[in-house]
Amino acid sequence: MHKIAVMIDVVAVLRPEDVAVDFLSVLDPGRDHEVHLLLADRGAYLRLPAGVPLAGRLAPLAELLRSSGEGAKPFSPGQAADAIALETGDVAATIWTHNPADSRERRARWGFELAGLVRAPVLHAVGDARWFEWITDVDERLERPLVEAKLDFVNTQCAALVGLDAEDENALITRRVPSVERFFSSGPDERARLFALMGSMGDDAAVVQDPWEFATSQYEIERLDATAAWVRRHLDPASGRVIEVGACEGALTLRLAGERYLVDATEPNPGFLERLRESVAGHSAAGDVRIHPHSFEDLATTARLTGSAYLLIEMLYYGQGLALLDRFPTDRLFISMEPAALAEQSWPAGWTVEEQVDLVLPRFESVVNGRAHLRKRGSRGLLLLRRR
């Protein structure tokens, strides 16, 4: 008689409480699957046979949470992938892990990197990805006993996390303890795009080409076209060089060059900088575009470029010191931001507002091939002139 292999569900997450909070439906004994738990921060790999009641499956998690974790040797994503392959062998398995777009950076990175290393199919929990509305592949609406078991576990085993400030990435707040657990599958490009979107404030945004879909999003195309037209209304191309700060991969750069502007495009992110060079080199209308690796701070201090105008388009979201604007060698600043963020800014006294204009209005739009949608918040342009 041939032995029938048992299906294995592998929940591979950072911390013990993540299993109970986002993957309790996977622990449900009613699935009749063997379950393996890989808890990266604790360096722990647990095997739970099929048929073990829910309380028995939660007990080792509670034990880990009661321990300090001192002396644990955490798994890297590569070590985790190797452990999963070793422990599951030839048995069919599904890997359950974090969302590459989780707002908690460590969990997002774990979900992104692990999914690219394992051989088995992967399902990501939506987790705490509140900026998006998701199209999911598996939705598990927990029955009341499972909801009560989840709340009891959180209250009795994770009380310290319930008491944390909401801004702490490990805080257990209402939106992080769902009664409907939602999961989706993803391919390499989709995972990378999701991870890049949530890493947009740092170098991780460049893990994939065109992470904000400037080339395909109707919202972004309209915004970029309107921005170029706005600059054209106020500045003749013959006025001198234009300094574009944070040019990314050149979507606006090429529009300006096509209007015969002389552009100094600056981009400090190495990944974007390389693609910017490629975009300019491969575009016949690029004209006189010079490319620099300078940051906002560089341009105000050690790498000053004189221009008829500086363009700071959708890039003042990173806590830059606005007092540095006084040090830019220009008398004209074109700035754009979402309207609410723009209204919060206090501009240095040496500048006067010449114009405010809506470039694109708020709009809902799908992202990452329809995996999710969100409300894009619009873009408002502000033209500042230096006081005489």
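The values are calculated or read from the model by the stated rules, or taken from the named source; none is laboratory data. Since we're looking at a predicted model, the values are computed, not measured. All Cβ positions, glycine included, derive from the backbone under ideal geometry; neighbour counts span all protein chains shown. For accessibility, only protein heavy atoms count, side chains too; no ligands or nucleic acids. Shrake-Rupley method; radii C 1.70, N 1.55, O 1.52, S 1.80 Å.
Of the peptides 133-142, 25-34, how do they stack up when ordered by the mean number of other Cβ atoms within 10 Å, highest first? Each step should come with its number before you reach the end.
On the way: 133-142: 15.0, 25-34: 18.0.
So the order, starting with the most tightly packed, is 25-34, 133-142.
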Extension reserve of the Arg277-Ala59 stretch, reckoned as 0.36 nm per residue once the Cα distance is removed
72.9 nm
Please give, to one decimal in nm, the separation of the simple spin-label points placed at Leu164 and Asn369, each 7 Å out from Cα toward the Cβ.
3.3 nm
Rounded tilt (10° steps) of 270-281 against the dominant C-alpha axis of the chain:
50 degrees
Restricting the count to DSSP beta bridges whose residues both fall in the chain, what percent are antiparallel, rounded to a multiple of 5?
55 percent
If each part is reduced to its alpha-carbon centroid, the stretch 290-357 and the stretch 79-156 end up apart, in Å, by 41 Å
Could you tell me which trypsin sites (Lys or Arg not before Pro) in the stretch 200-309 are loop residues by DSSP with no more than 15 other beta carbons within 10 angstrom of their beta carbon?
Arg260, Arg304
Say we join alpha carbon atoms closer than 10 Å with springs in a Gaussian network model of the chain; which of Glu244, Glu181, Glu274 then has the biggest fluctuation?
Glu274
Quick calc: nm separation of the 7 Å Cα→Cβ label points for Asp152 and Asp82 -> 4.0 nm
Efficiency of FRET from Cβ geometry, Val357 and Asp331, R₀ 22 Å, rounded to 0.05:
0.70
Calculate what fraction, in whole %, of the accessible area of the stretch 174-253 sits on carbon and sulfur atoms when a 1.4 Å probe is rolled over the protein chains.
51 percent
Solvent-accessible area per residue for the stretch 160-309 at a 1.4 Å probe radius, Å²?
44 Å²
In nm, the gap between the two label points placed 7 Å beyond Cα toward Cβ at Arg387 and Val138 is 6.2 nm
